[in-house]
Amino acid sequence: MQNVNFDVELPKREIETKWSEFEQKYPDWDLKNDEVRKEYISIEKDIDLMINKLFESKLQDLPKEIIDIRKRVLDEIETILLKCRNMISWGDRSESKLYLWLNSRYEINLYSSKLSDLFLIRDNIQEYLKVHEKMDKEILEDYDWKKCSKCEKTFVYQVDYTDIQGDKNTKDIICPYCRTINGSIITDGLINIYRSEELLFI
Ligand SMILES: [Zn+2]
């Protein structure tokens, strides 16, 4: 319940019931057990969604301009986060560090955060994006790469000349994530495509 940091009329009984059912089922609260942890996370998520819903209903009392600004900043944050997650250097570690960049909260809690916090968080993760853009540049320095025109994920391509068969042909460069064609090259070699997580193995 660490996420409840403001005074709203949450359905306390409903929440208590959830936790007491949980306790009956898993009296040891053994969160190292996958099943227990999964259920725990799912209850936390339900509560977060309740908070978001309540917060949303309270917002309706505010002037429309404020509601619009809030929505715009949240949209901006979502866009930056999407860009971050499309970075080649983005991984599980970046995902777990995100909590701190979001000023000690999970993504789901953004929707019940104060507008002043949201402005700060937006600027924070803009910085975080810059850090990853720099890392990506360094990683990709020695490779041929493309950013997919459709899904915007970055991938690396290499022409393999070890097994040349026949004449030079036009060969498509296909995004390994969404299969969109991103240009083509004329070659008698094979085009190998690598996802970001495969770069270490080239
Ligand atoms: Zn793609």
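Nothing in this text is a laboratory measurement; each read-out follows from the coordinates by a stated rule. A quick note: this is a predicted structure, and the numbers were derived from the prediction, not measured. Glycine gets a Cβ as well: all are built from the backbone with ideal geometry, and neighbour counts include every protein chain shown.
Below is a table of values for the structure above.
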quantity: Alpha-carbon centroid distance for the pair region 49-84 / region 152-202, whole angstrom; calculated: 41 Å
quantity: Loop sites in region 1-93: trypsin sites (Lys or Arg not before Pro), DSSP, at most 16 other Cβ within 10 Å; calculated: Lys32
quantity: Residues with amide H under 5 Å from that of Asn182, placed H, sequence gap 5 or more; calculated: Ile173, Ile174, Cys175
quantity: The chain: most fluctuating residue of Leu54, Leu115, Leu190 per GNM, C-alpha cutoff 10 Å; calculated: Leu190
quantity: Shape category assigned to region 1-151 from the gyration tensor of Cα positions, a/c cut at 1.5; calculated: oblate
quantity: Viscosity 1.002 mPa s, temperature 20 °C, Stokes-Einstein D of region 20-101 from Kirkwood C-alpha radius, µm²/s; calculated: 133 µm²/s
quantity: Residue of Gly189, Gly91, Gly166 that the Gaussian network model of the chain assigns the largest fluctuation, springs spanning Cα pairs under 10 Å; calculated: Gly166
quantity: The chain, helix-only ellipticity at 222 nm - DSSP H runs n ≥ 4, -39,500 (n - 2.57), divided by all residues, nearest 500; calculated: -16500 deg cm²/dmol
quantity: Partner lysines for Lys130 [C-alpha distance under 26 Å; skip if fewer than 8 residues away on the same chain]; calculated: Lys71, Lys83, Lys97, Lys114, Lys146, Lys147, Lys150, Lys153
quantity: The chain: most fluctuating residue of Glu21, Glu44, Glu78 per GNM, C-alpha cutoff 10 Å; calculated: Glu21
quantity: Inter-probe distance in nm under a simple model that places probes 7 Å from Cα toward Cβ, at Arg179 and Ser116; calculated: 5.1 nm
quantity: Cα gyration tensor shape for region 144-201, rounded if a/c is under 1.5, else prolate or oblate; calculated: oblate
quantity: Cysteines (scope the chain) whose Cβ has no counterpart Cys Cβ under 4.7 Å; calculated: Cys84
quantity: Farthest positive-ward along region 117-158 dipole, Cα basis, beta-carbon charges - from Leu140, Tyr157, Leu120; calculated: Tyr157
